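I have placed the structure first, in the form of structure tokens, so that the comments after it can refer back to it.
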Amino acid sequence: RDTVHAKCAGISDELARQAPLATSPLMTISGLVSHLRWVEHSWIEVTLLGREDRGPWTDEDPDREMRIAVETPIDQLLDEYRASCDLHRELVASLDLDTESRGVLDWRSEPVTLRWILFHLIEETSRHNGHLDILRELADKVTGT
């Protein structure tokens, strides 16, 4: 999670919104930060705790969390991501890793555990940190952060 902030440190809104890959117009630094924020919401609040889904996506626009990022300054997206991470850390702190999810997954008949969700979020965040690394280098040649 902290690596997301390091990869984005000092980037301008203009560069954070650039989509350098013609075949992936939603693959932007801003879009990935927004995506990571809302993915955590989905897995922790909706799947694990069974809360209402407040995510920006719709059936018509399932990638909307990446699309709306072009309207939001990168610093705001990073602040919202940090606040979301803080909330999710607090929500799971008292739970056992074997706590089963309350939310329904359309691709699985049995619940997943908090352990499974956290492992999945580590994979997701790691994968997107790699994307951020590449996008940052393409944007302004910054590497190694």
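Here, each number is a calculation from the coordinates, and none is a lab measurement. Note that the coordinates shown come from a computational prediction; the quantities given were computed from them, not determined experimentally. Here the Cβ positions follow ideal geometry from the backbone for every residue, glycine too, while neighbour counts run over all protein chains shown.
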Worksheet item: Using the alpha-carbon centroid of each, what span in Å lies between segment 51-80 and segment 5-27?
Response: 15
Practice prompt. Would you mind checking which residues have amide H under 5 Å from Q18's amide H? H placed 1.01 Å from N; only 5 or more apart, or other chain.
Written response: I29
Worksheet, complete the sentence: When the charge dipole of the chain is computed with +1 on Lys and Arg Cβ and -1 on Asp and Glu Cβ about the Cα centre, the Cα farthest towards its positive end, among G10, W116, S34, belongs to G10
Worksheet entry | Gain upon complete extension [K141, V104; 0.36 nm per residue less C-alpha separation] | 9.1 nm
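Could the peptides 41-48, 96-103, 56-63, 28-35 be put in order, highest first, of the mean number of other beta-carbon atoms found within 10 Å of their residues?
Descending packing order for the listed peptides: 28-35, 41-48, 96-103, 56-63.
Given the Cα-Cα distance of T23 and Q76 and 0.36 nm per residue of separation, how much length would full extension add, in nm? Walk me through the intermediate numbers first.
Values: separation 53, 0.36 × 53 = 19.08 nm, distance 2.69 nm.
Stretched fully, the T23-Q76 segment lengthens by 16.4 nm.
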Worksheet item: Hey, what number do you get for the chain at 222 nm if only DSSP H runs of n ≥ 4 count, each worth -39500 (n - 2.57), divided across all residues, to the nearest 500?
Response: -15500 deg cm²/dmol
Fill in: FRET efficiency, 1/(1 + (r/R0)^6) with R0 22 Å, evaluated for D13 and R67 via beta carbons
0.90
Worksheet item: Which option, (1) 72, 37, 30; (2) 44, 33, 23; (3) 76, 28, 25, is the value of Cα extents along the principal axes in Å that was calculated from these coordinates?
Response: (2)
Discussion item. Just to confirm the filter: which trypsin sites (Lys or Arg not before Pro) across segment 1-99 are DSSP coil and have at most 10 other Cβ within 10 angstrom of their Cβ?
Written reply: R54
Worksheet item: Which value, in debye to the nearest 20, describes the size of the charge dipole of segment 57-145 about its Cα centre when Lys and Arg Cβ atoms bear +1, Asp and Glu Cβ atoms bear -1, and nothing else is charged?
Response: 280
Worksheet item: With a ≥ b ≥ c the root eigenvalues of the C-alpha gyration tensor of segment 1-75, is it rounded (a/c under 1.5), prolate (a/b larger than b/c) or oblate?
Response: oblate
Worksheet, complete the sentence: Diffing segment 110-120: the Karplus 3J(HN,Hα) column from phi (6.51, -1.76, 1.60, θ = phi - 60°), in whole Hz with x for Gly and Pro, holds 10, x, 9, 9, 4, 4, 4, 5, 5, 4, 4
